[in-house]
Amino acid sequence: MRKLVMSLCVATGALVSGCDTTARSADATEAPSVIGAAAVNTERLLNADSEPGSWLSAARTYDEQRFSPLDQINDTNVKALGLSWYADIDTERGQESTPIIVDGVMYLTTAWSMVKAYDIYTRAKLWEYDPDVTKNKAADACCDVVNRGVAAWNGKIYLGTLDGRLVALDGKTGKVIWDKQTTDINLPYTITGVPRIVKGKVIIGNGGAEYRVRGYVTAYDSETGEQLWRWYTVPGDPSKPYEQPELAEAAKTWKGDFYWQIGGGGTVWDGMAYDADLDTIYVGTGNGNPWNQAIRSPGGGDNLYLSSIVALDPNTGKYKWHYQTTPGETWDYTATQPIMLADLNYPEGKRRVVMQAPKNGFFYVLDAKDGKLLSAEKFAPLTWASHVDMATGRPVEYPEARYEITGKPVIIKPGALGMHNWHPMAFSQDTGLVYIPVQIAAASYAGPKEFKLNLQGTNTGTDFSGGAALCAAPGAQCGNLETYILAWDPVKAKEVWRIKNDIYGSTGILATSGNLIFSGNHKGEFNAYNATTGEKLWTAPTQARVVAAPSTYMVDGRQEVAILVGARGLPEGQIRTNAYSANNSRLLVFRAGGAAALPTAMPAVDPARLGVTIDPPLLTASNETVFAGEQAYAANCALCHGPNAVPGAGSIAPDLRYSGLLPIRNGWNPTVRDGDRAQRGMPAFGATLPVETTDAILAYVIKRANDEKAEQEAAVKKAAN
Ligand code: CA
């Protein structure tokens, strides 16, 4: 039995948690007998609805609907919700994980694949784990050093690390039980996704398709870490036997002999779901490597199994069926986005379906049993295809979208970040609606003047500045346009309503039986909306951008909602208030009557004492801009300033990461473009590079400076321990 009287203000190691003074109920009916038991098994996962006070896996159930049956907080009383407590997070990179709540403990991951465990009763941090990922690994992560969460099983907590390890920790102590490298450490593989556990098998994929890797998904024994099966998403070296029989079929859809030498892509970096009745695990696969199909597979072909939803037998890894969303993909249109299962009520009866809203902008509903396409409608105004032909299941493309064939740059929607990315969507079993964080962006695609394999960075096979003239034309729409929460009827395959965000940026979503959806935004708010109408019912400040999805659970008979906040940059006008995180990364926990408050000032910290010598501005540019800057840097700057913005022994020019011009675009461009420092040996690049390109180089150098800062901070932290 838990003791019921506990301090409400708890110092959690070096970091102080905030707290409120609300009285807590003495009813501890859901209190577990062993805190931190992490005693998750198949029965508990299949019967998750019988313990709605827990949140046993990242998306709560095997269906991955992110729908909670809890309704104590509902559309009539949500206004009473207040901050109950918070905990500072000690990194300033993106925070993407959904906390899980198992046997009295909340487990979450932060940037750099670190895990933290909090007692939900005392709010004390029980333990934390840092896998000590080498900070240079950031160079292999397209989209920040993020992690989307842990899995619990049989006393253990599992996570994938940015450097490709699968780690099992003791749920009570955080001690490492086993630690297994799942990738070739010499290749730019990363892991940011959540492990899934089916009948004692831990299933994990990886990322890196922009670089030069071959995608696969692997199952490991939960107790020993022994590899049980591996399924490759694309064919490998044709001189060797196919690892799986279906790869012989897949190989017929590829051309040339370049793709397998650089991996081909197709990484399984996020979406998965499991159906116990069909005993099938569904995994989403990523884009081709490089993106440009004319380089990857000259002459075309579908390039199986890129950009597909694939059904596998979780016991053996054997292929069951697949549906390819974007045959011959050439725009970074992954189908790794969240996958969910549901029983949909069609007029002709109930049907068990797989649903996905991948990057390409179509909402797919497939029969869970055989993969039959039931519907594929545009959930956003995409411009690369007119529709999906229901007879063939294939998109009907606009020919001009294939820049690699026409040889002409083109602006299309969506760009590489997609109409929907990794940000979790939710499905309410009460309203029958799917809530999708939609992002509308247009981008120009163009083939490169010349393709050279880059062993140190991305290989997209596109020229990000090739469409600059198109984007500069009057009336052209390029870049980030808008984001909104879309309420989508998956049976009728149409929009019901949308909630527009004031500030561009996507955020994960939770739906509850309280007729509510919860979601943060990039303005610095955490909000609750009426799940039926979309009406905004409640808001709380987060002091940080929010990208992650929340979870909800019960403590002492009271419902709480937890959200991890913090992403690139701070909301406009927000000052830093977390001494350990420049983007105010925190865990925030809300309950009815919660009366805690976030700090209003930055605690005093002496940077010299911290031992960090670099102080770059926050990176606010998009990933696409950073990619473009990386390419342009390699072509124009690396010879003098060093590869990857790090001067080597032979470099003749200064370390740009420490440049005082980084925060001053109006100083950067005159120097880089106009020859303001020509007398000191810095030539003017204005004649050869458009301003978009020198801006992108600035963004890339800022990213590299932040990588260095993270490295220094980690070293300081390590020295202090
Ligand atoms: Ca990609």
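The values are calculated or read from the model by the stated rules, or taken from the named source; none is laboratory data. If you're wondering where the values come from, they're calculated on a predicted model, not measured in any experiment. For neighbour counting, all protein chains shown are included, and Cβ atoms are generated from backbone atoms with ideal geometry for every residue, glycine included.
Give region 61-74 a look and list any residue that's crowded, with 19+ Cβ neighbours inside 10 Å and under 21 Å from Ala592 (Cβ atoms), or say none.
The answer is Phe67, Ser68, Leu70, Ile73.
Under 8 Å between Cβ atoms, at least 6 apart or on separate chains: pull out the pairs that start in region 524-540 with a residue that is closer than 23 Å to Thr577 by Cβ and end on any residue that is surrounded by fewer than 17 Cβ atoms within 10 Å (Cβ to Cβ) and basic (Lys, Arg).
Asn527/Lys536; Trp538/Lys79
Conditions first: (1) more than 17 Å from Gln337 (Cβ to Cβ); (2) hydroxyl-bearing (Ser, Thr, Tyr); (3) modelled with pLDDT of 95 or more. Tyr435 passes all but one, so which condition is the exception?
(1)
Can you tell me which residues in region 167-201 are hydrophobic (A, V, I, L, M, F, W, C) and either within 18 Å of the chain's Cα centre (by Cα) or closer than 17 Å to Asn289 by Cα (or both)?
Leu187, Ile191, Val194
Please specify each residue of region 633-653 satisfying the condition of being assigned to a loop (DSSP other than H, G, I, E, B) and either exposed (fewer than 15 other Cβ atoms within 10 Å of the Cβ) or not hydroxyl-bearing (Ser, Thr, Tyr) (or both).
Result: Cys637, Gly642, Val646, Pro647, Gly648, Ala649, Gly650, Ile652, Ala653.
Taking the criterion of being assigned to a loop (DSSP other than H, G, I, E, B), buried (at least 23 other Cβ atoms within 10 Å of the Cβ) and either in contact (Cβ under 8 Å) with a residue 60 or more places away in the chain or touching a Cys at 6+ places or on another chain (Cβ under 9 Å) (or both), would at least one residue in region 75-86 satisfy it?
No, region 75-86 contains no residue that is assigned to a loop (DSSP other than H, G, I, E, B), buried (at least 23 other Cβ atoms within 10 Å of the Cβ) and either in contact (Cβ under 8 Å) with a residue 60 or more places away in the chain or touching a Cys at 6+ places or on another chain (Cβ under 9 Å) (or both).
In region 563-607, what residues are among the small types (Gly, Ala, Ser) and modelled with pLDDT of 95 or more?
Result: Gly566, Ser585, Ala592, Gly593, Gly594, Ala595, Ala596, Ala597.
Does Ala209 satisfy the criteria of being surrounded by 24 or more Cβ atoms within 10 Å (Cβ to Cβ), closer than 16 Å to Gly317 by Cα and out of contact with any Asp or Glu (no Cβ under 6 Å at 6 or more places or on another chain)?
So Ala209 fails the test.
Quick check on my filter: what residues within region 360-375 are touching a residue at least 40 places away in the same chain (Cβ under 8 Å) and part of a strand (DSSP E or B)?
Phe363, Tyr364, Val365, Leu366, Leu373, Ser375
Residues of region 93-104 being of a type outside the set (Gly, Ala, Ser) and surrounded by 24 or more Cβ atoms within 10 Å (Cβ to Cβ), which ones?
Result: Arg93, Gln95, Glu96, Thr98, Pro99, Ile100, Ile101, Val102.
Yes/no matrix, rows are residues, columns are (1) in contact with a Lys or Arg (Cβ under 8 Å, 6 or more places away or on another chain); (2) among the small types (Gly, Ala, Ser); (3) more than 17 Å from Asp103 (Cβ to Cβ):
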| residue | (1), (2), (3) |
| --- | --- |
| Ser113 | no, yes, yes |
| Lys125 | yes, no, no |
| Val133 | no, no, yes |
| Ala141 | no, yes, yes |
| Ala151 | yes, yes, no |
| Ile157 | no, no, no |
| Lys172 | no, no, no |
| Val176 | no, no, yes |
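Based on what the data block shows, is Gly155 at positive phi and either of a type in the set (Asp, Glu) or within 23 Å of the chain's Cα centre (by Cα) (or both)?
no
Kindly list the number of the only condition in (1) modelled with pLDDT under 95; (2) among the β-branched types (Val, Ile, Thr); (3) within 16 Å of the ligand (Cβ to nearest atom) that fails for Thr91.
(3)
Looking at region 452-465, can you tell me whether even one residue there is among the aromatic types (Phe, Trp, Tyr) and touching an Asp or Glu at 6+ places or on another chain (Cβ under 8 Å)?
Yes: one or more hits.
Kindly indicate the residue of region 92-141 that is of a type in the set (S, T, N, Q) and touching a residue at least 60 places away in the same chain (Cβ under 8 Å) and also nearest to Asn623 (Cα to Cα) among those meeting that condition.
Gln95
So, Leu228, is that one buried (at least 22 other Cβ atoms within 10 Å of the Cβ), at negative phi and not in a loop (DSSP other than H, G, I, E, B) or not?
Here the answer is no, as Leu228 does not meet what is asked.
Going residue by residue through region 316-331, is there one that turns out to be within 26 Å of Leu228 (Cβ to Cβ) and crowded, with 24+ Cβ neighbours inside 10 Å?
no
What are the residue pairs meeting all of these: first residue in region 656-672, first residue closer than 20 Å to Ala634 by Cα, second residue small (Gly, Ala, Ser) and assigned to a loop (DSSP other than H, G, I, E, B), Cβ atoms under 6 Å, and 6 or more apart or on different chains?
That search, which allows pairs on different chains as well, returns nothing.
List the residue pairs whose Cβ atoms are under 7 Å apart, where the first residue sits in region 287-310 and is within 16 Å of Gly256 (Cα to Cα), the second is within 11 Å of the ligand (Cβ to nearest atom) and assigned to a strand (DSSP E or B), and the two are 6 or more positions apart or on different chains.
Close Cβ pairs (under 7 Å, with a partner that is within 11 Å of the ligand (Cβ to nearest atom) and assigned to a strand (DSSP E or B)) amount to Gly288/Gly265; Asn289/Gly265; Arg296/Gly288; Asn303/Gly288.
Can you tell me which residue among Gly215, Gly208, Gly171, Gly225 is small (Gly, Ala, Ser) and touching a helix residue (DSSP H, G or I) at 6+ places or on another chain (Cβ under 7 Å)?
Gly208 is the lone residue from the list that is small (Gly, Ala, Ser) and touching a helix residue (DSSP H, G or I) at 6+ places or on another chain (Cβ under 7 Å).
Of all residues in region 202-215, which are away from the ligand (no atom under 16 Å from the Cβ) and either assigned to a loop (DSSP other than H, G, I, E, B) or within 19 Å of the chain's Cα centre (by Cα) (or both)?
Matches in region 202-215: Ile203, Ile204.
Might you check whether a residue that is surrounded by fewer than 18 Cβ atoms within 10 Å (Cβ to Cβ) and in contact (Cβ under 8 Å) with a residue 40 or more places away in the chain occurs anywhere in region 348-359?
Looking for residues that are surrounded by fewer than 18 Cβ atoms within 10 Å (Cβ to Cβ) and in contact (Cβ under 8 Å) with a residue 40 or more places away in the chain, one finds at least one in region 348-359, hence yes.
Please state which one of Glu495, Glu450 is closer than 26 Å to Ala294 by Cβ and over 19 Å from the mean Cα position of the chain (by Cα).
None of the others qualify; the one that does is Glu450.
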